[in-house]
Amino acid sequence: MSDSEFLTPQQVARLLMVAPVTVRQWAQRGELAFRSTPGGHRRYSREAVERFARQRGIPLASGGAEDGLRVLVVDDDPHINAFLTLLLREHDSGVQVESAHNGFEAGFRIESFSPDVVLLDLMMPDLDGFEVARFIKSDPVRAAIRIICITAYDTPENIARAINAGAEACLGKPLDTRRLLEQVFSTAASLRAGR
């Protein structure tokens, strides 16, 4: 089987219309077969997921696991949040975008929305972006979520801290929108390639 025939936990959750935690519980109980990557992440064959759904009488989501890229925008500045949401939707009408305005709200949205990518402001009151990134990467179910940090304080120290917390990139503000879109939508290409 090629890599593209394997699904991430988030893709399985969307296909079966359940929360990612439910997929994790089925896997832990041995009810839903999976393979582990060298990094310890679970991957599910499309065939096993479809068989599981048939046995349980679970209807599959229309459009399947290949629906548009899901992006969560997390920024406490409402203008930047709205700008990024609009930018992503105008660039690709198939992208699904939700937003959060602080780190606590981000935690709830991550669980309910199951994003593929999180655009994450580093400097927010209370729960900052570094802590949110560590939260995302602390659980194997969420670990496949890709994080792109954005900050007006793009010092070498902050960039290194963001990468160490799990971000794949850290972009400075004011944003180079071309670079941001390349980063986000190269993620889409990797997901479609089965990462």
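The values are calculated or read from the model by the stated rules, or taken from the named source; none is laboratory data. What you see is a predicted model, and the numbers here were worked out from it, not measured in a lab. Please note: Cβ atoms are built from the backbone with ideal geometry, for glycine as well, and neighbour counts cover all protein chains shown.
Take the conditions (1) crowded, with 18+ Cβ neighbours inside 10 Å; (2) touching a residue at least 24 places away in the same chain (Cβ under 8 Å); (3) of a type in the set (S, T, N, Q); (4) in a helix (DSSP H, G or I); SER112 misses just one of them, which is (1). Residues considered: ASP67, ASP3. Of these, the only one that is acidic (Asp, Glu), at pLDDT below 90 and exposed (fewer than 13 other Cβ atoms within 10 Å of the Cβ) is ASP3. The conditions of being surrounded by 15 or more Cβ atoms within 10 Å (Cβ to Cβ), touching a residue at least 12 places away in the same chain (Cβ under 8 Å), of a type outside the set (Val, Ile, Thr) and within 30 Å of ASP176 (Cα to Cα) are not met by PHE83.
You will find that of ILE136, ILE148, ILE163, the residue that is surrounded by fewer than 16 Cβ atoms within 10 Å (Cβ to Cβ), closer than 27 Å to SER36 by Cα and not assigned by TED's automatic domain parsing to the domain that holds VAL12 is ILE163 and no other.
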